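Asks: Would you mind keeping the following structure in view while I ask a few things?
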Amino acid sequence: MTAKSTLRNTVLDDTYAASDMANAMPRYEMPKNESRPRDVYQAIHDELMMDGNSRQNLATFCQTWVDPEINQIMAECVDKNMIDKDEYPQTAEIETRCVHMLAALWNSPDPKGTLGCSTTGSSEAAMLGGLSMKRRWVNMRKAAGKPYDKPNMVCGPVQVCWEKFARYWDVELREIPMEKDRLIMNADEAVKRCDENTIGVVPTLGVTFTGQYEPVEEVSKALDKLQKSKGWDIPIHVDAASGGFLAPFIDPDLRWDFRLPRVKSINASGHKFGLAPLGVGWVVWREKTDLPEDLIFNVNYLGGNMPTFALNFSRPGGQIIAQYYNLLRLGKEGYRRIHQNCYDTARYLGEAIGKLGPFEVLYNGRGGIPALCWAFKPKAKVNYTLYDLSDRLRSRGWQVPAYSMPAHREDLVVMRVLVRHGFSRDMGNLLIDDIKRAMAHFDAHPVSKPLTEAEAGSNSHAGRCAKK
C-alpha cells in the first residue's frame, strides 16, 4: 500500500468507507491493533441507538434531563477524583457546602456543625445510615453489658437496598408486608415489630411500589410512647431517596425530617428529584453526635483534618459539582416550581387514565411523589393484561412498568408512571393517546395468550425492587 493510499484510509476516508467499519468490532476480546478514534466512537454510538429513549423511560426514578451547562460542568470535572481532597480542595469544599445546605433544608438544629457526605446514590447513603444505626446500638448495648449479637431493623415494603444492608451487615430485617388496602408502613405495624434489639425503624418517604409517603411523624410518636412504656430508645432513619428533594418544597409543613428529634439520619438521591445527573446521593445526620466517632476517618485537608465516612473510595467529582450547580441555579423557588409542574402533570394523567374505563387509579401524586399508579378495576371486562399493555406501549418507545406487588398482595398487578423534570404536559398527552391506541388494538385483536410478568420483559425498576 502506498503512503498516499494509507493516508487516505487513515485520515481522509468517510467513516463508513473506512476499513475499521468494514468488519464488525470485537465483542468479547480486545483487538490486536489500534483503530481510528472516530470509527470506534461511531460504532459504539450506533450500537447504543438500540437502547431506549431515556426521556420515555417512565419506570426510572433517575433524572434524564439536565441543563446544557451541567454537561459542560461534567466534562470539566471528568478528571477530578473527589476523594483526593488535598489535590482537589475546592471540590471537597463544595461537597461540604451541599451537606450543610441539605442539613438546613431538612431542619437540622445545627446545619453548619453536623456531618454528612455524598455517595454514589441513595442506596450507598442508606447503607451508611443503617451502619451508623447498628454501631450506635452495639455501642449502647456494650456499655450496658448486654448482648449485641441479634440486631434487627423494622421497615415497610422496601427498596432492595435495605435487603442488601440487612444481609451484608447481619441484621434481621423485619419488613411490614402489604395487607389488603394497606400498601405502606403504619405506626401500629412498626411498633408491633420492635424490641430491645431493634437498631432503628426506617420509614420511606416515597415508597417504590406506589409513590406514597410513609407516616414518619406518626411512627415517631408511637416510638415515643414505646420508650415511655418499655424504655427502648429506638431511632428513626428516613429513606428519603425521592421525597427528600420534594417534601421541603411542595409540602414544607409535613413533619418528617430533623424537626422530629427521633429522626437521626436521612438519605436522599441527588440524581432523582435532586435533579442532578447519575450518580450522586447524600446522607446527613441530625447532629454531629448522632454519627458514632469510631466510624469516622480523618483525612488531611488543607493542612488540617476532615472527617469522612463512606464505602467507596475513588469517585468522580462532577456529580457533586452538578448538584451544587442545581442548588444555586434553582434555589427553593426553582425546585418548587419544577416539582409542582410534575405533580400537576401526574394528577392530570391520573384523571385522564381514570376516565378510560377499565382502570382504577390507586395513587395520583397526592400524599407522595409525583407519580401515578393504576390497576384494573375488580370487574373490568378486558381481554389483555397490564403486561400486554406495557409490552404494546414499548412499540412506541414508552417504558411503563407493569408488576405485581410483593408478598401478601401478589394478586395486585399495577402499572406505574414516574413524572420527572422534562416530562411535559404535551408528552403526557402523547402517552394517553398511545394508551388509547393500544386499547383499540386489543379490542380489534383480542389476546389469545396473555403475557406473564416474566414474558413482558418491561423495564420495571419497581419490579426489580419488588422481587426477592
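Asks: Could you tell me whether region 322-340 includes any residue that is open to solvent by 50 Å² or more (accessible area, probe 1.4 Å), at pLDDT 95 or above, closer than 25 Å to His271 by Cβ and of a type in the set (A, V, I, L, M)?
Replies: yes
Asks: Check Gly130, Gly156, Gly116, Gly145 and return the single one that is out of contact with any strand residue (DSSP E or B) (no Cβ under 7 Å at 6 or more places or on another chain) and not assigned by the TED database to the domain that holds Met405.
Replies: Answer to the check: Gly145.
Asks: Looking at the structure I just gave you, is Met415 at pLDDT 90 or above, among the aliphatic types (A, V, I, L, M) and in contact with a Cys (Cβ under 8 Å, 6 or more places away or on another chain)?
Replies: In short, yes.
Asks: Among the residues of region 386-426, count how many are touching a helix residue (DSSP H, G or I) at 6+ places or on another chain (Cβ under 8 Å) and either open to solvent by 20 Å² or more (accessible area, probe 1.4 Å) or without any contact (Cβ under 8 Å) to a residue 24 or more places away in the chain (or both).
Replies: 11
Asks: Related question: Residue under question is Arg182, and the condition is that it be within 20 Å of Ser132 (Cα to Cα), in the same structural domain as Leu311 (by the TED database) and not small (Gly, Ala, Ser); does it hold?
Replies: No; evaluated as a whole, the condition is false for this residue.
Asks: Would you say His271 is under 20 Å from Leu254 (Cα atoms) and open to solvent by less than 30 Å² (accessible area, probe 1.4 Å)?
Replies: no
Asks: Regarding region 124-133, can at least one residue be identified that is open to solvent by 10 Å² or more (accessible area, probe 1.4 Å), of a type outside the set (Lys, Arg) and more than 21 Å from the chain's Cα centre (by Cα)?
Replies: No, because not a single residue in region 124-133 is open to solvent by 10 Å² or more (accessible area, probe 1.4 Å), of a type outside the set (Lys, Arg) and more than 21 Å from the chain's Cα centre (by Cα).
Asks: As an exercise: evaluate Ile176 against (1) crowded, with 18+ Cβ neighbours inside 10 Å; (2) touching a residue at least 24 places away in the same chain (Cβ under 8 Å) and give the number of the one condition it does not meet.
Replies: Unmet condition: (2).
Asks: Restricting region 444-459 to residues that are in contact (Cβ under 8 Å) with a residue 24 or more places away in the chain and outside any loop (DSSP other than H, G, I, E, B), which is nearest to Gly156 (Cα to Cα)?
Replies: Glu453
Asks: Scanning for something open to solvent by less than 10 Å² (accessible area, probe 1.4 Å), within 28 Å of Val160 (Cα to Cα) and modelled with pLDDT of 95 or more, does region 82-96 turn up at least one residue?
Replies: The answer is no, given that none of the residues of region 82-96 is open to solvent by less than 10 Å² (accessible area, probe 1.4 Å), within 28 Å of Val160 (Cα to Cα) and modelled with pLDDT of 95 or more.
Asks: Can you say whether Val171 is of a type outside the set (D, E, K, R), under 14 Å from Ala126 (Cβ atoms), over 22 Å from the mean Cα position of the chain (by Cα) and open to solvent by less than 30 Å² (accessible area, probe 1.4 Å), as far as the supplied structure shows?
Replies: For Val171, the condition - of a type outside the set (D, E, K, R), under 14 Å from Ala126 (Cβ atoms), over 22 Å from the mean Cα position of the chain (by Cα) and open to solvent by less than 30 Å² (accessible area, probe 1.4 Å) - is met.
Asks: Considering each of Gly317, Gly350, Gly354 in turn, give the residue that is crowded, with 16+ Cβ neighbours inside 10 Å and in contact with an Asp or Glu (Cβ under 9 Å, 6 or more places away or on another chain).
Replies: On inspection, the qualifying residue turns out to be Gly317.
Asks: From the list Leu254, Leu260, which residue is at pLDDT 95 or above, open to solvent by 20 Å² or more (accessible area, probe 1.4 Å) and within 30 Å of Tyr335 (Cα to Cα)?
Replies: Exactly one of Leu254, Leu260 is at pLDDT 95 or above, open to solvent by 20 Å² or more (accessible area, probe 1.4 Å) and within 30 Å of Tyr335 (Cα to Cα), namely Leu254.
Asks: I've got another one for you. Among the residues of region 81-122, write down those that are more than 25 Å from Pro252 (Cα to Cα), assigned to a helix (DSSP H, G or I) and in contact (Cβ under 8 Å) with a residue 60 or more places away in the chain.
Replies: Pro89, Thr91, Ala92, Ile94
Asks: To continue, here is another question. For region 16-72, name all the residues that are open to solvent by 80 Å² or more (accessible area, probe 1.4 Å), outside any loop (DSSP other than H, G, I, E, B), under 29 Å from Ser390 (Cβ atoms) and among the charged types (D, E, K, R).
Replies: The answer is Glu47, and nothing else.
Asks: List the strands (runs of 3 or more DSSP E) that sit entirely inside region 195-278 and contain at least 1 residues that are in contact (Cβ under 8 Å) with a residue 60 or more places away in the chain and of a type in the set (Asp, Glu).
Replies: In region 195-278, the matching strands (runs of 3 or more DSSP E) lie at 236-239.
Asks: Only one residue in Val238, Val191 is more than 30 Å from Ala59 (Cα to Cα) and assigned by the TED database to the domain that holds Trp169. Which one?
Replies: Matching residue, one of Val238, Val191: Val191.
Asks: Let me ask something else. Among what's in region 212-233 and is at negative phi and over 31 Å from the mean Cα position of the chain (by Cα), pick the residue that is surrounded by the fewest Cβ atoms within 10 Å (Cβ to Cβ).
Replies: Ser229
Asks: Considering only residues that are of a type in the set (S, T, N, Q) and crowded, with 22+ Cβ neighbours inside 10 Å, which ones fall in region 104-113?
Replies: Selection gives Ser108 alone.
Asks: Restricted to region 357-385, and to residues that are aliphatic (A, V, I, L, M) and more than 24 Å from the chain's Cα centre (by Cα), which residue is surrounded by the most Cβ atoms within 10 Å (Cβ to Cβ)?
Replies: Restricting to residues being aliphatic (A, V, I, L, M) and more than 24 Å from the chain's Cα centre (by Cα), the top hit is Val382.
Asks: Same structure, new question: Scan region 106-118 residue by residue and report those that are more than 14 Å from Tyr324 (Cα to Cα) and out of contact with any Lys or Arg (no Cβ under 8 Å at 6 or more places or on another chain).
Replies: Trp106, Pro111, Lys112, Gly116
Asks: Right, next: Can you pull out the residues in region 163-177 that are part of a helix (DSSP H, G or I) and of a type in the set (A, V, I, L, M, F, W, C)?
Replies: Listed by number, the residues that qualify are Phe165, Ala166.
The values are calculated or read from the model by the stated rules, or taken from the named source; none is laboratory data. Quick caveat, the model's predicted, so the values are computed rather than measured. Don't worry about glycine lacking a Cβ; one is built from the backbone with ideal geometry, like all the others, and counts go over all protein chains shown. Accessible surface areas use protein heavy atoms only, side chains included; no ligands, DNA or RNA. Shrake-Rupley method; radii C 1.70, N 1.55, O 1.52, S 1.80 Å.
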